[in-house]
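Working notes, structure below.
FYI, it's all coordinate maths here, none of it is from the lab. The structure displayed is predicted, hence computed values, not measured ones. All Cβ positions, glycine included, derive from the backbone under ideal geometry; neighbour counts span all protein chains shown.
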Amino acid sequence: MEKIKTAVLVSGGGTNLQAILDAEREGIIKSAEVVTVISDREGAYALERARAAGAEALTIPFKTYGREAFERELSAALEERGIGLIVLAGFMRILSAEFTAKYPDRILNIHPSLIPSFCGAGYYGLKVHEAALNYGVKVTGATVHFVNEIPDGGKIVAQKAVYIRPEDTPETLQKRVMQEAEWIIFPRAIEEVAAKLRRSE
Ligand code: GRF
């Protein structure tokens, strides 16, 4: 049976991408195949990681194109490659409702908190961890969810909790949430969703 052709969208360093590529190599991901990695920014380090793993690395510069043309180029690239699953791994753009409607239950994102806490527009990167520390919660974590027209509002696929330590800073917390939660649940959730898609095809 053919694997689900998967595109990973990135903007930055790509540690989640790395976890996904490693999981594919190790056979933890066996129902999906990362065929392309697409960045909205030139020179994102994630692209190097893609090339090193033998995956195609593309850039569609958002700044040059603007949202409409960016999404048009993106759709064309995905269609050309027969992509059945889109994974947002540190992708820092919000996709339009027109775009997300084309891929119902086929776009996955990871968010570094336990949704519905500290999520939605404006909660990205270190801001999420700053907000958790400012609120004083004792437990945070990561959430994998489907992407729809509401930022961080789609159905939840997986979550994992991480305990906050009294000495945590936004930086130490961000790192631990990645190590203890994001890099573990994201590959597993991708496999779970891809396996289901495969069975239904
Ligand atoms: C992660 O914290 C992820 O949860 C968020 O953006 C960050 C991306 O890091 N959406 P990386 O590019 O995967 O290293």
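Going residue by residue through the range 143-153, is there one that turns out to be among the small types (Gly, Ala, Ser), more than 15 Å from the chain's Cα centre (by Cα) and farther than 17 Å from residue 11 by Cα? Within the range 143-153, not a single residue is among the small types (Gly, Ala, Ser), more than 15 Å from the chain's Cα centre (by Cα) and farther than 17 Å from residue 11 by Cα. Checking each residue in the range 143-175 for being under 15 Å from residue 87 (Cα atoms) and part of a strand (DSSP E or B) picks out 143, 144, 145, 146, 156, 157, 158.
So that you can scan it fast, the table gives a plain yes or no per residue for (1) crowded, with 19+ Cβ neighbours inside 10 Å; (2) assigned to a loop (DSSP other than H, G, I, E, B); (3) on the phi > 0 side of the Ramachandran plot:
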residue: 83; (1), (2), (3): yes, yes, no
residue: 99; (1), (2), (3): yes, no, no
residue: 105; (1), (2), (3): no, yes, yes
residue: 109; (1), (2), (3): yes, no, no
residue: 115; (1), (2), (3): yes, yes, no
residue: 121; (1), (2), (3): no, yes, no
residue: 130; (1), (2), (3): no, no, no
residue: 133; (1), (2), (3): no, no, no
residue: 141; (1), (2), (3): yes, no, yes
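Count of the range 49-99 residues, restricted to those that are among the aliphatic types (A, V, I, L, M) and within 16 Å of the ligand (Cβ to nearest atom), is 12.
Within the range 1-18, the set of residues being near the ligand (Cβ under 6 Å from one of its atoms) and surrounded by fewer than 17 Cβ atoms within 10 Å (Cβ to Cβ) comprises just one member, 13. Within the range 179-201, if we keep just the residues that are in contact with a strand residue (DSSP E or B) (Cβ under 8 Å, 6 or more places away or on another chain) and within 12 Å of the ligand (Cβ to nearest atom), the residue that is farthest from residue 8 (Cα to Cα) turns out to be 181.
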